[in-house]
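Below: the structure, in structure tokens.
The values are calculated or read from the model by the stated rules, or taken from the named source; none is laboratory data. As the structure is a computational prediction, the values presented were derived from the model and not from experiment. Glycine also receives a Cβ, built like all others from the backbone with ideal geometry; neighbour counts cover every protein chain displayed.
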2 protein chains.
Amino acid sequence: MPTSTFLNLPEEKKNRIIEASIDVFSNEYYSAIKLSDIIRKAKIPRGSFYQYFEDKKDLYHYVFSIIVQEKMKYIGDMIYNPETTPFTVLFRDLYIKGLNFALENPKYVMITKNLIHDGSGIYNELFEDNIELAREFYRGYINTDKKLGRIREDVDTDLLVDFVISSITNIAFDEIRESNALDPEKMLKKAEGIISILQKGIE
Amino acid sequence: MPTSTFLNLPEEKKNRIIEASIDVFSNEYYSAIKLSDIIRKAKIPRGSFYQYFEDKKDLYHYVFSIIVQEKMKYIGDMIYNPETTPFTVLFRDLYIKGLNFALENPKYVMITKNLIHDGSGIYNELFEDNIELAREFYRGYINTDKKLGRIREDVDTDLLVDFVISSITNIAFDEIRESNALDPEKMLKKAEGIISILQKGIE
DNA sequence: TCTATATGTGACAAAGGTGTCACATGGAGG
DNA sequence: CCTCCATGTGACACCTTTGTCACATATAGA
């Protein structure tokens with residue numbers, strides 16, 4: 001948690017620090033991030049930083065929470081009735097929504113990517129809870145679909161959940177790994193292909 | 001590439017260095033690996049190391065190539081006729097084979113995991129070519145299956161290939177992330193679930 | 001104006017790693 | 001027994017980063 005000293009800072013200075021952090025975070029994976037770079041970019045003295053945050057991790061948690069909030073705000077207005085909305089439709093809409101958010105905030109995508117591709121375990125620290133929530137969320141829709149006969153009863157719910165989460169995560173990263181940018185059309189096509197396989201199988 | 005000095009070393013000493021490297025590589029992601037640790041474990045003087053290898057990356061490439069060779073030897077005897085072997089069967093067998101290799105060599109799994117979860121780009125450096133080969137390999141089977149009517153013509157081949165590769169990779173890592181060990185039964189069940197979804201879809 | 005408290009500042013010690021180099025050792029051949 | 005070359009050795013100089021601390025500055029209230 002940032003100190004109250006930080007929170008009371010003039011907006012301009014706070015933003016300078018947050019922007020600099022986002023910049024650096026999006027260019028380096030977590031373990032490789034150097035406070036010195038952030039301090040230089042934000043143009044604050046070293047001593048000041050330690051008056052605002054405990055250390056790198058503290059800063060990271062804070063900045064990341066800002067990003068999560070923004071994404072929540074963005075996705076938040078999607079409320080579907082499980083009874084009337086099949087899981088595949090929800091998945092598709094959520095995917096497109098996430099895709100748009102990613103396109104509007106490419107740096108956030110890079111940050112998440114750099115976070116996942118870090119060996120230090122910070123990823124689990126930040127995501128464990130969120131992922132469990134997401135799982136729960138999807139499980140509800142899948143189970144409703146099963147009851148309504150929209151999904152075969154013998155499909156393993158947890159497996160499907162994992163599959164969906166990992167697909168949604170990986171499409172963007174594969175895309176970035178290959179071209180270092182997001183091509184929305186390509187990604188959408190990919191997502192639709194996966195949904196189609198999901199629905200009908202390959203046989 | 002190791003120097004000839006290294007290659008001419010008595011087996012015992014060479015192995016000590018390789019074993020120490022494997023040990024360290026399996027406990028740290030690439031960027032966090034310290035030569036000092038390897039040197040200490042292998043009980044060789046610092047100066048000697050630099051007589052054998054250029055640097056950490058040189059050593060890593062070498063040790064990794066040994067692992068790849070071993071895996072090739074292990075998997076190598078699987079030759080199937082695409083005409084008579086459906087893709088799903090191949091996939092399943094290959095998966096089980098890979099699973100057994102992983103169970104027999106847990107350290108190698110950790111090394112690969114630490115490699116993937118590293119932000120430095122070493123992963124692409126080591127794998128790019130291999131992955132393209134694997135893609136080509138799968139594509140052949142899928143296309144044959146399409147011709148023989150075993151897979152729907154409108155399934156996107158490249159997508160299916162990516163999907164299969166990422167599944168095969170991720171099952172093990174998900175498993176490790178959760179329990180830090182491999183539970184073969186669980187993993188096999190998961191793979192079969194995915195194959196079943198692949199075949200019939202969820203509807 | 002003075003004082004107390006909060007905040008700003010950057011030099012610095014400490015930590016921890018890397019690659020090198022001058023010197024040591026060993027064995028083969030004259 | 002001597003020489004030469006390959007190999008062994010570890011102290012060390014160098015670099016980079018971190019977190020701290022003594023001191024500077026600003027602001028508000030007495």
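Going through A:156, A:174, A:145, A:118 one at a time, which residue ends up being at pLDDT 90 or above and more than 24 Å from residue A:76 (Cβ to Cβ)? Lay out the reasoning, then the answer.
Details: A:174 fails: at pLDDT 90 or above; A:145 fails: more than 24 Å from residue A:76 (Cβ to Cβ); A:118 fails: at pLDDT 90 or above.
Result of the check over A:156, A:174, A:145, A:118: A:156.
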Within segment A:126-148, identify whether any single residue is outside any helix (DSSP H, G or I) and either farther than 17 Å from residue B:167 by Cβ or within 10 Å of chain B (Cβ to nearest Cβ) (or both), and answer yes or no.
yes
Considering only segment A:48-88, state which residues are of a type in the set (A, V, I, L, M, F, W, C) and within 20 Å of the chain's Cα centre (by Cα).
A:59, A:63, A:64, A:66, A:67, A:68, A:72, A:75, A:78, A:79
Filter result (near DNA strand C (Cβ under 10 Å from one of its atoms) and either buried (at least 16 other Cβ atoms within 10 Å of the Cβ) or within 14 Å of chain B (Cβ to nearest Cβ) (or both)) within segment A:17-42
A:39
Per the filter on segment B:43-69, residues within 13 Å of DNA strand C (Cβ to nearest atom), crowded, with 19+ Cβ neighbours inside 10 Å and of a type in the set (A, V, I, L, M) are B:59
Give just the number: which of (1) surrounded by 13 or more Cβ atoms within 10 Å (Cβ to Cβ); (2) farther than 20 Å from residue B:116 by Cα does residue B:8 not satisfy?
(1)
Any idea which of B:151, B:96, B:168 is crowded, with 16+ Cβ neighbours inside 10 Å, in a helix (DSSP H, G or I) and in contact (Cβ under 8 Å) with a residue 24 or more places away in the chain?
B:168
Of the residues in segment B:1-16, those that are touching a helix residue (DSSP H, G or I) at 6+ places or on another chain (Cβ under 9 Å) and more than 15 Å from DNA strand C (Cβ to nearest atom) come to B:1, B:7, B:14, B:16
In segment A:1-55, the residues that are in a loop (DSSP other than H, G, I, E, B), under 30 Å from residue B:28 (Cα atoms) and among the aliphatic types (A, V, I, L, M)
A:1, A:33
